[in-house]
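These notes are about the structure you will find just below.
The values are calculated or read from the model by the stated rules, or taken from the named source; none is laboratory data. All values reported here derive from a predicted model rather than from experimental measurement. Cβ atoms come from the backbone with ideal geometry, glycine included; neighbour counts cover every protein chain shown. What goes into the accessible areas is simple: the full protein's heavy atoms, side chains included, and nothing from ligands, DNA or RNA. Shrake-Rupley method; radii C 1.70, N 1.55, O 1.52, S 1.80 Å.
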Amino acid sequence: MKNIFNKAAYYFRNSYGFDKFSKYLYIAGLILTFGKLTAIFGYALIIYGTWRAVSKNKYRRYQELSVFENYLLIFKQKYYRYKSSIIDFPKYKIFKCPNCSQKLRVPRKKGKLIITCKKCGTEFRGKS
C-alpha cells in the first residue's frame, strides 16, 4: 500500500494542484449534478477541474486562473455597485450632467438646487 502512495506522489510531484478556479469548478459541477438536464455538464466541470489540478503545464493554468480572477473581479464590482446604489437610494438622488453625462449625487429633501458638474463645470437646476 505504501508503494502505491509513493508512486502516486512521484507522478504528481510536478502537477499544478488546486486553486481558486478549480474550487469554483468543483462547486459548480456538484451543484449541476443534482439536476436531470444539467448532470452531464456538471460531471464535465468536475472532470475539467480534476484535469487542471493534475496538469503539468503550470504556465497555462496560471493564465487560466488570471483570466478567471479578472472576470470574477468584474462581477464583484458590479455586485458592490448595485448594493451601494440600493443602500444610498433613500439618502441621495442621482443626476446626470446634460453636457458630459457624468453622474452626480445630491442629498435628498433639499428642494430646488443649482448643481455644478465637477467634471466639466456645467451648472443646471434640479429638484432633490
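Summary of values
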{"read-out": "Cβ-Cβ under 6 Å pairs, at least 6 apart or on other chains, the stretch 101-125 side within 22 Å of Ile87 (Cβ to Cβ) and open to solvent by 60 Å² or more (accessible area, probe 1.4 Å), far side outside any strand (DSSP E or B) and not basic (Lys, Arg)", "value": "Gln102/Cys117; Arg108/Ser128; Lys110/Ser128"}
{"read-out": "Which listed residue, of Gly17, Gly29, is open to solvent by less than 90 Å² (accessible area, probe 1.4 Å) and either modelled with pLDDT of 90 or more or in contact with a Pro (Cβ under 7 Å, 6 or more places away or on another chain) (or both)", "value": "Gly29"}
{"read-out": "Unique residue being farther than 30 Å from Ala9 by Cα, modelled with pLDDT of 90 or more and aliphatic (A, V, I, L, M) when the list is Leu72, Leu65", "value": "Leu72"}
{"read-out": "Conditions (1) over 30 Å from Phe124 (Cα atoms); (2) open to solvent by 40 Å² or more (accessible area, probe 1.4 Å); (3) not charged (D, E, K, R); number of the one not met by Ile46", "value": "(2)"}
{"read-out": "Checklist (1) surrounded by fewer than 16 Cβ atoms within 10 Å (Cβ to Cβ); (2) within 25 Å of Ala8 (Cβ to Cβ) applied to Ala53, failing item", "value": "(1)"}
{"read-out": "The stretch 60-99, subset part of a helix (DSSP H, G or I) and touching a strand residue (DSSP E or B) at 6+ places or on another chain (Cβ under 9 Å), residue least open to solvent (accessible area, probe 1.4 Å)", "value": "Asp88"}
{"read-out": "Whichever residue in the stretch 34-55 is of a type in the set (Ser, Thr, Tyr) and assigned to a helix (DSSP H, G or I) and, among such residues, is nearest to Leu73 (Cα to Cα)", "value": "Tyr48"}
{"read-out": "The stretch 20-33 residues that are closer than 16 Å to Gln63 by Cβ and in a helix (DSSP H, G or I), paired with ones that are open to solvent by 90 Å² or more (accessible area, probe 1.4 Å) and of a type outside the set (Phe, Trp, Tyr) (beta carbon under 9 Å, 6 or more apart)", "value": "none"}
